[in-house]
């Protein structure tokens, strides 16, 4: 079974303590329901903007805000679709969180949502990669990262999900589980594209 390789440092423990204190403050704050909805929406928009920007999406925070509000903007169709897909995936997180155990089919469904109508080959949406891929520096063409061979992807995902659904994973702070999840899915790189957004 997959075993995450990390260690607790003073910085990690301090950050987890600060996150826990902030969460407690938020959960106990008497928020006006309208403010709560507004703050939640703002967090989703900022998350969608930053997560898609990291992967090269050029839309500004203002443009992402307009899309989230249902307004049309004049940008490349693919760039707009990536943001709309990511917003949909974020909206569906509570439903996915209720699925136990979280299965390979669930992961493929998340990928299908975030890549809908954005990949060169629509058959790659919601499916594991069927070819070797590499992370390449766009400016130099240098290979930055070569993920595991294609024939290992399904088994590596199975091993990861076995751990993710285990009692051991449930005993780890959810912030660390989220970090391990992102790292491991990007390391396995199970998809032709959209690995970071899916993670």
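Key figures for this structure:
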{"item": "Relative contact order of the chain, defined on C-alpha pairs under 8 angstrom at six or more residues apart (%)", "result": "21 percent"}
{"item": "Length released on extending from residue 71 to residue 165, taking residue separation times 0.36 nm less the Cα-Cα span", "result": "29.9 nm"}
{"item": "Residue-averaged 222 nm ellipticity for the chain, from DSSP H runs of 4+ at -39500 (n - 2.57), nearest 500", "result": "-18000 deg cm²/dmol"}
{"item": "Residue order, fewest to most beta carbons within 10 Å, for 76, 197", "result": "76, 197"}
{"item": "P(r) histogram, all alpha-carbon pairs of segment 93-171 included - 5 Å bins from 0, percent", "result": "3, 12, 17, 20, 20, 15, 8, 4, 1"}
{"item": "Computed FRET value (nearest 0.05) for residue 8 with residue 92, which takes r as the C-beta separation and R₀ as 35 Å", "result": "0.65"}
{"item": "Simple label model, 7 Å out from Cα along Cβ direction - residue 143 to residue 127, nm", "result": "2.4 nm"}
{"item": "Kirkwood Rh in Å, taken over all unlike Cα pairs in the chain", "result": "18.7 Å"}
{"item": "Reciprocal of mean inverse Cα separation for segment 1-91 (Kirkwood radius, Å)", "result": "15.7 Å"}
{"item": "GNM flexibility winner over the chain from 176, 107, 161 (Cα, springs under 10 Å)", "result": "176"}
{"item": "Convex hull volume per residue for segment 72-113, taking Cα atoms only, in Å³", "result": "52 Å³"}
{"item": "GNM result for the chain, Cα springs below 10 Å: residue of 42, 142, 159 fluctuating most strongly", "result": "142"}
{"item": "Neighbour-count ranking [beta-carbon atoms within 10 angstrom, fewest first] of 145, 102, 164", "result": "145, 102, 164"}
{"item": "Exposure proxy ranking, count of Cβ atoms within 10 Å, fewest first, for 163, 35", "result": "35, 163"}
{"item": "Highest to lowest packing among 4-11, 49-56, scored as the average C-beta count within 10 Å", "result": "49-56, 4-11"}
{"item": "Among 81, 63, 131: highest mean-square fluctuation, GNM of the chain, C-alpha pairs under 10 Å", "result": "131"}
{"item": "Average Cα contact separation per residue, segment 5-109, under 8 Å, 6 or more apart, as relative contact order %", "result": "20 percent"}
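Here, each number is a calculation from the coordinates, and none is a lab measurement. Since the model is a prediction, treat every value here as computed from it, not as a measurement. Cβ: placed from backbone, ideal geometry, glycine included. Neighbour counts: every protein chain shown.
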